[in-house]
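Q: To start, I am sharing the structure in question, which I have written as structure tokens.
The values are calculated or read from the model by the stated rules, or taken from the named source; none is laboratory data. Just so we're clear, the structure is a prediction, and the values are computed from it rather than from any experiment. When we count neighbours, we look across all protein chains shown, and the Cβ atoms used for this are built from the backbone with ideal geometry, even at glycine.
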Amino acid sequence: MAQHQVNYLKDGGLPVALTTIDKVVNWGRSNSLWALTYGLACCGIEMMASGASRYDFDRFGTIFRASPRQAELMVVAGTLTKKHAEFIRRLYDQMTEPKWVISMGSCANTGGMFNTYATVQGVDRVIPVDLYLPGCAPRPETLQYGVMMLQQKIRRESASRAQKPKRLM
Amino acid sequence: MQQSNRLRPFFENITFDRADNEMILNFGPQHPSAHGQLRLMLHMQQEQITKAHPDIGYLHRGMEKMAENMIYNEFMPTTDRMDYIASSSNNYGFALAVERLIGLEVPRRAKVIRMMLLETNRLMSHLFWLATTALDIGAMTVFLFAFREREYLMDLIEDYCGARLTHSAVRIGGVPLDLPDNFIGDLRKFLDKLPENIKDYEDLLDTNRIWLMRMENVGVISTEMALSWGCSGVMLRASGVEWDIRKEEPYELYDEVEFNVPVSDKGDNYARYKLYMAEMRESAKILYQVLDMYEGTEPALMAHAPQYISAPKLDIMTQNYSLMQHFVLVTQGMRPPVGEVYIPTESPKGELGYYINSQGGAYPYRLKLRAPSFWHTGILTDLLPGHYIPDVVSIIGTTNIVFGEVDR
Amino acid sequence: MRAYTPKDNVQKKPYYTDRYWVAPQVAKHDVSSDEVFAADLEAIKAKFDVLDAYIQVEQMVVVINAHDNFAVIEMLKNERAYNQLSEMSAIDWLATEGKFEIFYQMLSMTKRKRVRIKCKIDEKESIQSVEKLFRSADWSEREMYDMFGVVVNNHPFMKRILMPDDWEGFPLRKTYPLQGDEFAAWYEVDKIFGKEAREIIGPENRDPARIDRYDTERFSRLGHEVPFGTDITQGEPDTPLVYQESEGVFLIEKFDAEKSVVISDRDR
């Protein structure tokens, strides 16, 4: 996890009152989160399993899209290495607003068991993260519960959040 | 508006001084069909590939260096993450290498349980391979069906050791846990249903025109290329070389079970696909025989070698010397003799080998992991030129590469 | 003054040293005990200088001079039917001898035998590539160069393979720390945001046991020891799993634990 204190509540945080337009927009956004396939390592397999037949992701309205331009949710599943860090930042920048990031698994949260020279110690060193899921690998139910919590978070936000994107620093 | 950073766009495929029609396509490290983090730079002439350059290392986590800083038992969960689709095979390879280094003999029940784990992992891996390759070609039904079978197997493994994906179910000296009561019954029920499920996949794919057009005569690997590139496993057997380490250099109880080794001499994608389906049937055959072997074995699960292996938990909690020895082995680590060993095993992907050079200390001096997918990715350099872009996807699919292994 | 820690091997050392421990050796057998290996060794000895040869764990190990490596492997491949190079890599002995030990693991499928060829080179010396004989050596030698800095001659593409192209340092050397030197620690920050961002993002957290006491409630009470069984919840209620907000969401059916059925029979 990041040592630098990122205040995620500052931009687009909990508003005083949500208007009906906000509620409708948030309802739409939260119930059709299109996820970017970002399975890097073992957690990617659990992400695929959570999208497969037993733990279905389609019932959330989540379809896995390959292109960052068409996706809103980036599920970083697996170890981020320093060689790859540049590319995850590029893909995050290419995603269109509004966008959210779920960091799935220990390797994405904090570098995991790989306390080595080539692993980024936590994906939040390069991109801002909304939700951290613990586990190695987290069960598919964990990922689905995480998506449900993210949906609740989205519904609490102000819909005009898109004007002020999250900044890492 | 956007977070400013130093990354600027780069264009590989647009060069303004060239006169030929060559295009450089970057099949980037994040790609749904890349099976992980493979970056392929393809030089193309109007859709046909003239040169392919695979770039790996995007999942390099430094496992070999970690091993030089950890005791042997501590390294076991790290081996899980190498070929993360069939984790127990990696654990087993490592345990076997250390046991051969020490010269340990594992009790029979542990061998039977290890065989069950190995073959179940082989089934899981082949089902996953089928699911993802079919998904890449476009057959999503097979993806969903194969994952359904895989979920049943993962349930079984979860009943056994508690984890679905990264098992660490095999330890140096045996296995730590005995089978739960429902394991054998449930596994038998699954194996009874497996042939009809495999038949379902074959009905969908075998004579399917699209599948045949994508797979036949695509990605032909000749015998010399396969041998020269260090291919192993199905890649080698599809090119006509009859080499299966389970038959040629048997380990565990593979010399006591009867099974066939399917071989093909065509070397194309379709041959590899047929071999994987045949191997699934052979694994089921082996599992039936192994299930019958479980009954008469004595309940010993770990080898008896107090210098290297801790005593069973019952002894540790009741006998003082067992507790003291267990404490020393956990804090200081077991110290194998000075020497080196290279032990290959037949993992679902190919020849998985562990080279351990021990200097008598608690940490290995050098541990090299021989991952089959490393060279299966290298062979793409020589294999891809001459094919078209859709063939790239199907070839990467059938080479069955896992990037945890390639990059370690 | 702090204690002197030698820098030629910075890998972790066991905490306790056993002063009178003599490590046993894995048994080395004479090559003459196996006819196939003896014949192979005779063929090698006829043309090359063999420094040592023995059988260990059923595989023959032959130690040769580094400049002979291509010729020996060529002979084994063409004349002695060793048709696959399973693996090759290096071992770092710079701390004790100042040399790298390169090993080639070869397999003969027809004879069902494995042989290991070993040779030693100095740190600045380079070794001949065997890529012309086995294409698998192409990538193995690149990995060896990447991890150890062993330069290989006559290689078609001697570039880094596992680490990024602009990486400095050779990771698997004993002088390279497991967690990386300063270049490694700031690599991704420098590359993406630039050196100015180092203070803003902060150093990596390499301490696996670091706990921030004020980060999470009820996580750990550092600094206070309480008797076992004391209530440390400070009045906070247990958080139940909440799938949706309590009012429910429009058109989405609210999860109700009473109405759901737990299926325990797999055949259903």
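Q: Assess whether residue B:44 counts as being surrounded by fewer than 21 Cβ atoms within 10 Å (Cβ to Cβ) and either more than 8 Å from every other protein chain (Cβ to nearest Cβ) or of a type in the set (Phe, Trp, Tyr) (or both).
A: Considered against the rule, which asks whether it is surrounded by fewer than 21 Cβ atoms within 10 Å (Cβ to Cβ) and either more than 8 Å from every other protein chain (Cβ to nearest Cβ) or of a type in the set (Phe, Trp, Tyr) (or both), residue B:44 comes out as yes.
Q: Looking at region B:332-358, I want the residues that are within 13 Å of residue B:102 (Cα to Cα) and have a partner that is charged (D, E, K, R) with Cβ atoms under 6 Å, at least 6 apart or on another chain. Which pairs are those?
A: So the pair list comes out as B:341/B:100; B:343/B:100; B:357/B:340; B:357/B:366.
Q: Tell me which residues, restricted to region B:222-238, are under 20 Å from the mean Cα position of the chain (by Cα) and on the phi < 0 side of the Ramachandran plot.
A: Listed by number, the residues that qualify are B:226, B:227, B:229, B:231, B:232, B:234, B:235, B:236, B:237, B:238.
Q: Hey, can you tell me all the residues within region A:119-141 that are within 11 Å of another protein chain (Cβ to nearest Cβ), touching a strand residue (DSSP E or B) at 6+ places or on another chain (Cβ under 9 Å) and surrounded by fewer than 21 Cβ atoms within 10 Å (Cβ to Cβ)?
A: A:128, A:135
Q: Follow-up. For the structure I just gave you, tell me whether residue B:320 is within 11 Å of chain C (Cβ to nearest Cβ) and at pLDDT 90 or above.
A: no
Q: Report the residue count in region B:272-330 for those that are buried (at least 16 other Cβ atoms within 10 Å of the Cβ) and of a type in the set (Val, Ile, Thr).
A: 4
Q: OK, next. Taking into account only those residues within region B:58-76 that are part of a helix (DSSP H, G or I) and more than 7 Å from chain A (Cβ to nearest Cβ), which is surrounded by the most Cβ atoms within 10 Å (Cβ to Cβ)?
A: In this case the residue turns out to be B:72.
Q: I've got another one for you. Collect the residues in region B:237-248 that are assigned to a loop (DSSP other than H, G, I, E, B) and either in contact with a Cys (Cβ under 9 Å, 6 or more places away or on another chain) or without any contact (Cβ under 8 Å) to a residue 40 or more places away in the chain (or both), keeping them in residue-number order.
A: Once the filter is applied, which keeps residues that are assigned to a loop (DSSP other than H, G, I, E, B) and either in contact with a Cys (Cβ under 9 Å, 6 or more places away or on another chain) or without any contact (Cβ under 8 Å) to a residue 40 or more places away in the chain (or both), region B:237-248 yields B:238, B:239, B:240, B:241, B:242, B:243.
Q: Consider residue A:111 against the criteria (1) at the interface with chain C (Cβ under 9 Å from one of its Cβ atoms); (2) within 11 Å of the chain's Cα centre (by Cα); (3) not aliphatic (A, V, I, L, M): it satisfies all of them except one. Which criterion is unmet?
A: In the conditions (1) at the interface with chain C (Cβ under 9 Å from one of its Cβ atoms); (2) within 11 Å of the chain's Cα centre (by Cα); (3) not aliphatic (A, V, I, L, M), residue A:111 misses (2) alone.
Q: Here is a follow-up. Considering region B:95-126 alone, what residues qualify as being part of a helix (DSSP H, G or I), within 14 Å of chain C (Cβ to nearest Cβ) and surrounded by fewer than 22 Cβ atoms within 10 Å (Cβ to Cβ)?
A: B:100
Q: Same structure again: How many residues does region B:301-310 hold that are in contact with a strand residue (DSSP E or B) (Cβ under 8 Å, 6 or more places away or on another chain), closer than 23 Å to residue B:362 by Cα and among the hydrophobic types (A, V, I, L, M, F, W, C)?
A: 3
Q: For residues that are surrounded by fewer than 17 Cβ atoms within 10 Å (Cβ to Cβ) and either over 23 Å from the mean Cα position of the chain (by Cα) or among the charged types (D, E, K, R) (or both), tally how many sit in region B:168-178.
A: Residues flagged as surrounded by fewer than 17 Cβ atoms within 10 Å (Cβ to Cβ) and either over 23 Å from the mean Cα position of the chain (by Cα) or among the charged types (D, E, K, R) (or both) within region B:168-178 amount to 1.
Q: Here's another thing I want to ask about it. So how many residues does region A:48-83 have that are in contact (Cβ under 8 Å) with a residue 24 or more places away in the chain and under 21 Å from residue B:80 (Cβ atoms)?
A: Of the residues in that region, 8 qualify.
Q: So residue B:221 clears everything in (1) touching a residue at least 60 places away in the same chain (Cβ under 8 Å); (2) within 28 Å of residue B:351 (Cα to Cα); (3) outside any loop (DSSP other than H, G, I, E, B) except one condition, right? Which one?
A: With (1) touching a residue at least 60 places away in the same chain (Cβ under 8 Å); (2) within 28 Å of residue B:351 (Cα to Cα); (3) outside any loop (DSSP other than H, G, I, E, B) applied to residue B:221, the lone miss is (3).
Q: Let me spell it out: the conditions are (1) over 23 Å from residue B:358 (Cβ atoms); (2) part of a strand (DSSP E or B), and residue C:88 meets all of them except one. Which number is the exception?
A: Only one criterion is unmet by residue C:88, namely (1).
Q: Of all residues in region B:388-403, count the ones that are small (Gly, Ala, Ser) and either out of contact with any Asp or Glu (no Cβ under 6 Å at 6 or more places or on another chain) or free of Cβ contacts under 8 Å to residues at least 24 places away in the same chain (or both).
A: 1
Q: Would you be able to say whether some residue in region B:224-236 is touching a Leu at 6+ places or on another chain (Cβ under 7 Å), free of Cβ contacts under 8 Å to residues at least 40 places away in the same chain, within 30 Å of residue B:292 (Cβ to Cβ) and assigned to a helix (DSSP H, G or I)?
A: No; the residues of region B:224-236 include none that is touching a Leu at 6+ places or on another chain (Cβ under 7 Å), free of Cβ contacts under 8 Å to residues at least 40 places away in the same chain, within 30 Å of residue B:292 (Cβ to Cβ) and assigned to a helix (DSSP H, G or I).
Q: If only one of C:82, C:20, C:16 is in a loop (DSSP other than H, G, I, E, B), surrounded by 15 or more Cβ atoms within 10 Å (Cβ to Cβ) and among the hydroxyl-bearing types (Ser, Thr, Tyr), which one is it?
A: C:82
Q: Shifting gears a bit: Which condition from (1) over 14 Å from residue C:119 (Cα atoms); (2) outside any helix (DSSP H, G or I); (3) more than 14 Å from chain B (Cβ to nearest Cβ) is the one that residue C:53 breaks?
A: In the conditions (1) over 14 Å from residue C:119 (Cα atoms); (2) outside any helix (DSSP H, G or I); (3) more than 14 Å from chain B (Cβ to nearest Cβ), residue C:53 misses (1) alone.
Q: Which one of A:116, A:79 is at the interface with chain C (Cβ under 9 Å from one of its Cβ atoms) and at pLDDT 90 or above?
A: Unique residue meeting the criteria: A:116.
Q: Here are some conditions: (1) surrounded by 13 or more Cβ atoms within 10 Å (Cβ to Cβ); (2) under 30 Å from residue B:332 (Cβ atoms); (3) touching a strand residue (DSSP E or B) at 6+ places or on another chain (Cβ under 9 Å). Residue C:25 meets all but one. Which one does it not meet?
A: Single failed check for residue C:25: (1).
Q: Mind counting the residues in region B:47-57 that are assigned to a loop (DSSP other than H, G, I, E, B) and more than 10 Å from chain A (Cβ to nearest Cβ)?
A: Result for region B:47-57: 1.
Q: Please verify whether region B:364-387 includes one or more residues that are facing chain C (nearest Cβ under 10 Å), assigned to a loop (DSSP other than H, G, I, E, B), touching a residue at least 24 places away in the same chain (Cβ under 8 Å) and over 22 Å from the mean Cα position of the chain (by Cα).
A: The answer is yes; a qualifying residue exists.
Q: When you scan region A:103-116, how many residues do you find that are surrounded by 24 or more Cβ atoms within 10 Å (Cβ to Cβ) and in contact with a Phe, Trp or Tyr (Cβ under 7 Å, 6 or more places away or on another chain)?
A: Of the residues in region A:103-116, 2 are surrounded by 24 or more Cβ atoms within 10 Å (Cβ to Cβ) and in contact with a Phe, Trp or Tyr (Cβ under 7 Å, 6 or more places away or on another chain).
Q: Something else now. Got at least one residue in region B:139-160 being among the aliphatic types (A, V, I, L, M) and under 24 Å from residue B:107 (Cα atoms)?
A: yes
Q: For region C:92-102, how many residues are in a strand (DSSP E or B) and either in contact with a Gly (Cβ under 8 Å, 6 or more places away or on another chain) or surrounded by fewer than 21 Cβ atoms within 10 Å (Cβ to Cβ) (or both)?
A: Counting residues in region C:92-102 that are in a strand (DSSP E or B) and either in contact with a Gly (Cβ under 8 Å, 6 or more places away or on another chain) or surrounded by fewer than 21 Cβ atoms within 10 Å (Cβ to Cβ) (or both) gives 3.
Q: Please state which of the following conditions residue A:59 fails to meet, knowing it meets all the rest: (1) surrounded by fewer than 21 Cβ atoms within 10 Å (Cβ to Cβ); (2) assigned to a loop (DSSP other than H, G, I, E, B).
A: (2)
Q: Further question on the same structure: Just a yes or no: is a residue in region C:132-142 out of contact with any Phe, Trp or Tyr (no Cβ under 9 Å at 6 or more places or on another chain), within 20 Å of residue B:64 (Cα to Cα) and in the same structural domain as residue C:51 (by TED's automatic domain parsing)?
A: Yes, region C:132-142 has at least one match.
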